[in-house]
Amino acid sequence: MEYCSNMAKFWGLFFFCFFSISVFGQVNAQLLERFPKEDVVYLEMSQHLDITIEGDSLQIKNKVRERAHYLTSNDLSMSRERIYYTSFSEIEDLKAFTEVPNGKKSKKVEVTDFQEKSATSDGVFFDDSKKMEFIFPSVMSGATTQMDYTEHIKDPRMLSPFFFNFYVPVLRAEYSVSFPADVKVAFVLLGDNTEKIKFKETKQTDGSIIYTWTAENLPKLKFEGNAPSRSYFDPHIILHITTVSLGGSEQPVLRNPDDLYAWYYSLVKSINPKGDEELKTIVDDIVKGKNTQREKAEAIFKWVQNNINYVAFEDGMGGFVPRNAIDVCTKKYGDCKDMANLLTQMLNLGGLNARMTWIGTRSKPYTYKMVPTPMVDNHMITALFLDGDTLFLDATGKYQTIDLPTDMIQGKEALIGIDANTYVIKQVPIIALETNRVIDSVRLVINDTDLKGTGRASWTGYPKVDAAYGYYSKDKADDQMFVTALITKGNNKFKTDKFTLNDPLNSTTPLVIDYECTIPDYVKSVAGKYYIGVNMDKMLNTQPIDKAKRTYSFEFDYKLDNNLLTTIVIPEGYLVEYIPSSVEYKNDNFGFKITYTQTGNEVKQVKRVYINTLMLKPTQFDQWNEFLNQLNKAYKETLVLTKKP
């Protein structure tokens, strides 16, 4: 094909120019001048997806090339290479070498030791993922490494995206696909700065087509805390095959969500051939005495949460096909799809209307219309139709209620399977901040330089879920440390003297803690006056975002409404000399309000700090910084009490 000829010419020219320059030692010097703070750059990242029809089958091979140049010897971590793959693909024709500076010439050192290993991820019980691992030899300053291999893709639905950027600068990135006239493809280009990516379509004399995307001089990705997944900002292509003509008839592959659902349904339609009677007996026992559909749903959901342990499996098609419900119930463990299948079956056996549901977590910024491929999903849950509403039940969330989806699927589209030909797409709600509420009310009495007080604190929504996970993972004998971590205020000498708490693991009730506490050495006593910093719980007491250093959005797990009511009892013989003024910063996405009042011998501060968004975008950084500046200024306020004359 013309593509192969052009690429051969390109690489021949590249090698000639590159190694000619290398003889004079100029390449490394030029790149060092251009990237003085970098240890390594990618000269090229390229992939060519070659789709052909051989006989009555579709053949897909992805040819990969990566070339990296080492500017220094300070960081050689990229010399340890790993190629990941699963049972959906095979790695062929792997070659790798290092071009090492050798006087006025260069020396080519081949990689000879390739090791295939399991690539099981952390927290995954069984994973069929594998990796080919090797180390580029003789890597040093001025060396260039090159890796070439072909990935044989066995399933036409399993095409991976191509990302143009990496965590080092990329001089040139190229993605191309060639396909015959009997194959139709579609693609979507996503991420930031996609206008910098050049696209070219080439029609061959045999009727085949080549699509090529190229980009040059790409900045490196950065590691930034609380950033969303790179899919949000890193420009990338998701390509999918829509139809293929085999044997004279056009066959659908992934044209739209209809095709995706048809494939999904084919994987789950026959998964529960046995065990209904045994499972029905268990369900009947669970719902015994429950009078309403909601009570039955809550009881079944809680039973699955409490009795089935989440264990991740990633095993070829087993990563898509749930295991039989009664088997999961008997073994007491399963992954997300196993738990979703069991929960769905049990709810239906209990007389409710539940359906298997595919969904992507918030790390996947895609919709089904945008990306009608398995790329859009990485999770499975149960949709429950109850009292005219749709509830999204994720049994992997051990402490959720039926009204509270796991925070990682908020706002995401869910593909709900109804029957062989019917599905609906619904959006999981984003839980309102009023649901995710923390309220802490404390009354404090001055005792010399200490504060002693009594209080009550409560947590609902996602803060309650977080607290439950913290309680579950703590040392069983250390309730006091758990409580202190939640209610600490004032300084690091804070002591929890007494406390009572309800069951933190009960998902249906708020977490409530009644407590007595001491804050030693908190009050400053000077010349007959008391100085008391009334902002004892300084949520978001952080530095503003440095816009020169921060590039990506800032992601929050959930919306939050944090409230603290602090009452200071004025000691006998003292009066208020200074009480701070009330202050407020109001914004649709975040804000605070602090009010002060004096009633008799008590000064009350009511403080509310809220976050009403899941994603803080760079265009909002100025507003966010202004919010933090005003909040931190308010935190510095001090209540002053003085002796009566």
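Between LEU58 and residues 5 or more places away or on another chain, which pairs have amide H atoms under 5 Å apart, with H built 1.01 Å from N, and which residues are they?
none
Nearest 10 degrees is fine. How inclined is helix 336-349 to the longest principal axis of the chain, computing both from alpha carbons?
With rounding to tens, the tilt is 70 degrees.
Return, for the Cα atoms of the range 312-446, the radius of gyration and Dmax in Å, separated by a comma.
17.2, 70
Tell me, what is the 1.4 Å probe accessible area of LYS398, in Å² to the nearest 10?
LYS398 has an accessible surface of roughly 50 Å² with all protein chains in place.
Considering only DSSP states other than H, G, I, E and B, which trypsin sites (Lys or Arg not before Pro) in the range 508-571 qualify as loop sites with at most 13 other Cβ atoms within 10 Å?
Answer by residue number: LYS547, LYS549.
Report, in degrees rounded to the nearest 10, the 0 to 90 angle that the Cα long axis of helix 461-473 makes with the longest principal axis of the chain.
Between helix and principal axis, roughly 80 degrees.
Tell me, what ³J(HN,Hα) does each residue in the range 542-547 have, in order and in whole Hz, if you take phi through Karplus 6.51 cos²θ - 1.76 cosθ + 1.60 with θ = phi - 60° and put x for Gly and Pro?
Once θ is set to phi - 60°, the couplings for the range 542-547 become 10, 6, x, 5, 7, 5 Hz.
Which trypsin sites (Lys or Arg not before Pro) in the range 399-438 pass both tests, a DSSP loop state and at most 14 other beta-carbon atoms within 10 Å? Intermediate results must be reported in sequence, preceding the final value.
Numbers: sites: LYS412, LYS426, ARG437; in loops: LYS412.
Filter output for the range 399-438: empty list.
Sum -39500 (n - 2.57) across every DSSP H segment of at least 4 residues in the chain, then divide by the residue count to get the 222 nm mean residue ellipticity, nearest 500.
-6000 deg cm²/dmol
Sorted by packing (mean other beta-carbon atoms within 10 Å per residue), highest first, where do 229-238, 500-509, 320-329 land?
For the peptides 229-238, 500-509, 320-329, the packing ranking is 320-329, 229-238, 500-509.
Loop-only check: which trypsin sites (Lys or Arg not before Pro) in the range 570-610 are DSSP coil with at most 10 other Cβ within 10 angstrom? Could the numbers behind the result be given before it?
Values: sites: LYS586, LYS593, LYS604, LYS607, ARG608; in loops: LYS586.
When the trypsin sites (Lys or Arg not before Pro) of the range 570-610 are filtered for loop state and at most 10 Cβ neighbours within 10 Å, LYS586 remain.
So what's the Cα pair-distance distribution over the range 270-356, bin width 5 Å, in %?
Bin by bin from 0 Å, the calculated values are 3, 15, 27, 26, 16, 8, 3, 1, 0.
How large is the dipole of the chain about the Cα centre if only Lys and Arg carry +1 and Asp and Glu carry -1, each at its Cβ, rounded to the nearest 20 debye?
Dipole magnitude for the chain comes out near 1760 debye.
Only one of the listed values, [x] 87, 61, 50; [y] 98, 73, 41; [z] 74, 60, 55, was derived from the coordinates as Cα extents along the principal axes in Å; which label is it?
Here Cα extents along the principal axes in Å agrees with entry [y].
Find the Cα radius of gyration of the range 171-217, compare it with 2.2 N^0.38 Å by division, and give the number to two decimals.
Numbers: Rg = 12.2 Å, N = 47, 2.2 N^0.38 = 9.5 Å.
Scaled against compact globular proteins, the figure is 1.29.
With each pseudo-label sitting 7 Å past Cα toward Cβ, what's the LEU189-ASN447 distance in nm, one decimal?
So the two model labels end up 6.9 nm from each other.
Which percent of the Cα-Cα distances in the range 411-520 go past 24 Å?
For the range 411-520, the share of Cα pairs beyond 24 Å comes to 42 percent.
Karplus couplings for the range 637-644 from phi (6.51 cos²θ - 1.76 cosθ + 1.60, θ = phi - 60°), rounded to Hz, Gly and Pro as x?
5, 10, 7, 10, 10, 10, 5, 5
With θ set to phi - 60° and the Karplus curve 6.51 cos²θ - 1.76 cosθ + 1.60, what are the ³J(HN,Hα) couplings of the range 293-307 in order, to the nearest whole Hz, using x for Gly and Pro?
4, 5, 4, 5, 4, 4, 5, 5, 4, 5, 5, 5, 4, 7, 10
For labels at SER249 and ALA262 in the simple 7 Å Cα→Cβ model, what's the distance in nm?
1.1
Angle check, please: helix 621-635 long axis (alpha carbons) against the longest principal axis of the chain (alpha carbons), in degrees 0 to 90, nearest 10.
20
The values are calculated or read from the model by the stated rules, or taken from the named source; none is laboratory data. Everything quoted here is computed from the prediction, not taken from an experiment. FYI the Cβ positions are ideal-geometry reconstructions off the backbone, even for glycines, and counts take in every protein chain you see. Heavy atoms of the whole protein, side chains included, go into the accessibility calculation; ligands, DNA and RNA do not. Shrake-Rupley method; radii C 1.70, N 1.55, O 1.52, S 1.80 Å.
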